[in-house]
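Asker: I'd like to ask you about the structure that follows.
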């Protein structure tokens, strides 16, 4: 499975094995989601004011911190 897709200096790519294009497209979509490419494209679709960007990033950091805190409390 590791040899089927790769992300490196040249970007993201997926190998098509046995002319299975549907499977390769599914793997590429999954890879783009895990790398955050689709989220970044949606975010860059429109201009975001710097104050809005700071507010969003701060809210995301707070969510990450709370999530990390909750997992540490389990131990």
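Bear in mind that the values in this text are calculations on the coordinates, not laboratory data. Because the structure is predicted, anything quoted here is derived from the model rather than measured.
Asker: Which of rounded, prolate, oblate describes the chain, given a ≥ b ≥ c as roots of the alpha-carbon gyration tensor eigenvalues and a/c under 1.5 marking rounded, otherwise prolate only if a/b is larger than b/c? Walk me through the numbers on the way to the answer.
Answerer: On the way: a/c = 3.30, a/b = 1.59, b/c = 2.08.
Here the chain falls in the oblate category.
Asker: Taking square-rooted eigenvalues a ≥ b ≥ c of the alpha carbon gyration tensor, is region 25-68 rounded, prolate or oblate, where a/c under 1.5 means rounded and, failing that, a/b exceeding b/c means prolate? Provide the component values of the computation, followed by the final result.
Answerer: Details: a/c = 5.62, a/b = 1.38, b/c = 4.06.
Because a/c hits 1.5 or more and a/b fails to exceed b/c, region 25-68 counts as oblate.
Asker: Suppose a student asked you for the relative contact order of the chain, using Cα pairs under 8 Å spaced at least 6 residues apart; what percent would you report? Intermediate values should be presented prior to the final figure.
Answerer: Numbers: 23 pairs, mean separation 9.9, N = 75.
Relative contact order of the chain: 13 percent.
Asker: Taking only DSSP H segments of four or more residues, each worth -39500 (n - 2.57), what value at 222 nm results for the chain once the sum is divided by all its residues, to the nearest 500 deg cm²/dmol? Write down the numbers at each step before the final one.
Answerer: Numbers: 3 runs with 47 residues, N = 75.
After summing the helix terms and dividing by residue count, I get -20500 deg cm²/dmol.
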